[in-house]
Amino acid sequence: MSTVSAYAATSPTDPLSRTTITRRDPGPHDVAFDIAFAGVCHSDIHTVKAEWGAPQYPLVPGHEIAGVVTAVGSEVTKYKVGDRVGVGCFVDSCRECPSCLAGHEQYCTGGGMVGTYAGVGRDGQLTQGGYSGAIVVDENYVLRIPDEIPLDAAAPLLCAGVTTYSPLRHWNVGPGKRIAVVGLGGLGHMAVKLGTAMGAEVTVLSQSLKKMEDGLRLGAQHYYATSDPDTFKKLRGGFDVILNTVSASLDLGAYLNLLTLDGTLVELGMPESALAVPPGPLVRMRRSVSGSLIGGIAETQEMLDFCAEHGVRPEIEVIEPDYINTAYERVLASDVRYRFVIDTESLRQS
Ligand code: NAP
Ligand code: ZN
């Protein structure tokens, strides 16, 4: 076992603080790596604040992890010391159920995926995430970061990137498709960039017009404020697909009316309370509400390679670990442009 520094939550309400945690020695199939950068996802905040149920504390969040391999187990074939690698939202799954065999490990039905933090690994230990100096993960759950993508920019791709890439692919978004992205935060800004790179006509629906200039620069062709009731009149029936990335609960009725016949609203946000789905807008135009969870390992690699090829990078603000509590407040205030990424160098020593 080795000891490494980390930032952990100790309760739903106390600030995160510096601590030390242990990592297992690499087993035959494990890759050990020094974490260089870790993205800050709104899911980290939902989890810390116990909005999805009571987690076990101390809890080290972080599931957008990028770094460099320091050791590999004797049976590892995919990676070697010095490789640039990443880990996303899960570090294991059953590997045998139909979902796992199809490469949709995030939908594992054989006990569920093992979360990168607040999960229980095969060794029975609680998993601890990326706000730390190093991690040990089975090689099958490690991603290769293309040389073109700097490690700080790679980190947010491991969750925000694949969470938006996967539904865009699944719902065949491309040239000729009109899509709307609700909420311009970490996920939202990646949805704008990826949807644009795939050739779709992208509209942002944000609470206000404060970030309009950014949205248009990121590639969106249109930008509307949801606080303006006219938005919902003007855009009625205008979209094939809507990706809702909002971290709070919305009344979906107004948004469903913006879909075409057979259009789909894909729910990506995971607020703690229920979403209202009135039957009228669904029934009248045969519309659908669906949801989507991150992406599988193969699809995450495909997304990283797509971003390398198409020059897609997140917009990030790199922070020191001790800024994490302020960063959480800013995310909660929708004041993130557009992903905080922790430089974990100072956590590498215990
Ligand atoms: P984020 O950076 O905080 O972005 C969320 C955006 O939602 C905000 O920037 C804001 O955009 C909008 N928003 C926030 N509060 C709002 C409110 N009360 N009313 C209307 N709009 C509001 O969060 P994120 O990291 O992108 O994550 C977004 C959500 O997705 C979270 O619930 C997270 O847990 C979830 N998530 C899901 C998956 C998955 O696999 N499905 C993966 C990762 C994260 P504007 O300022 O533009 O309005
Ligand atoms: Zn996430």
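Charged side chains reduced to their Cβ positions (Lys and Arg at +1, Asp and Glu at -1) give the stretch 1-123 a dipole of some 140 debye around its Cα centre.
Taking the Cα centre of the stretch 283-325 as origin and charging only Cβ (+1 Lys, Arg; -1 Asp, Glu), how large is the dipole, in debye to the nearest 20? Can you show the working numbers first?
Details: 4 positive and 8 negative charges, 141 e Å.
With only Lys, Arg, Asp and Glu charged at Cβ, the dipole is about 680 debye.
When 232, 340 are sorted by how many other C-beta atoms sit within 10 angstrom of their C-beta, beginning with the fewest, the order is 232, 340. The H on the amide N of residue 319, modeled in the peptide plane, is under 5 Å from the matching H of 341, 342, 343, each at least 5 residues off or on a different chain.
Of the residues 17, 227, 99, the one that moves most in a GNM of the chain with alpha-carbon contacts below 10 Å is 227. Computed over neighbours whose Cβ is under 14 Å from that of residue 99, the net charge equals -3, Lys and Arg +1, Asp and Glu -1.
Placing +1 on each Lys and Arg Cβ and -1 on each Asp and Glu Cβ, with no other charges, gives the chain a dipole about its Cα centre of roughly 960 debye. When each of the peptides 190-202, 168-180 is scored by the mean number of other C-beta atoms lying within 10 Å of its residues, the order from highest to lowest reads 190-202, 168-180.
What the phi angles of the stretch 61-68 give under the Karplus curve with 6.51, -1.76 and 1.60, with θ = phi - 60°, is a coupling list of x, x, 10, 10, 10, 9, x, 10 Hz, glycine and proline written as x.
Each of 97, 62, 129 was placed along the dipole of the chain (beta-carbon charges, centred on the mean Cα), and the one lying farthest toward the positive end is 97. Applying the Karplus relation 6.51 cos²θ - 1.76 cosθ + 1.60 with θ = phi - 60° to the stretch 252-258 yields 3J(HN,Hα) values of 6, x, 4, 6, 4, 5, 7 Hz, where x marks Gly and Pro. Database remark: amide H of residue 134 closer than 5 angstrom to the amide H of 35 (H placed geometrically; neighbours at sequence offset of 5 or more, or on other chains; Pro and chain starts carry no H).
Among the DSSP helices (H) of the chain, those spanning at least 15 angstrom by Cα along their long axis with an average Kyte-Doolittle hydropathy of 0.0 or more are 186-197; this is a geometric and hydropathy rule only.
Count Lys and Arg as plus one, Asp and Glu as minus one, and take only other residues whose Cβ is under 13 Å from that of residue 249; the net charge is then -4. Projecting the Cα atoms of 199, 219, 229 onto the dipole axis of the stretch 161-291, where Lys and Arg carry +1 and Asp and Glu carry -1 at the beta carbon, places 199 farthest toward the positive end. Normalised by the number of residues in the stretch 161-291, the mean separation of alpha-carbon contacts (under 8 Å, six or more apart) gives a relative contact order of 21 percent. The distance linking the stretch 203-219 with the stretch 23-79 is 32 Å (Cα centroid to Cα centroid, whole angstrom).
May I ask what percent, to the nearest 5, of DSSP beta bridges between residues of the chain are antiparallel? Spell out each step's value before the answer.
Details: 33 of 61 bridges.
Taking every DSSP beta bridge with both residues in the chain, the antiparallel ones total about 55 percent.
Between residue 266 and 242, 243, 244, 290, the built amide H atoms are under 5 Å apart, and every one of these is 5 or more places off in sequence or on another chain.
So, counting K/R as plus one and D/E as minus one, what does the shell of residues with Cβ under 15 Å around residue 270 add up to? Computed value for this residue: -3.
Quick note: the coordinates plus some simple rules give every number you see, no bench work behind them. This is a predicted model, so every value here is computed, not measured. Because the Cβ atoms are built from the backbone with ideal geometry, glycine has one as well, and the counts that use them run over all protein chains shown.
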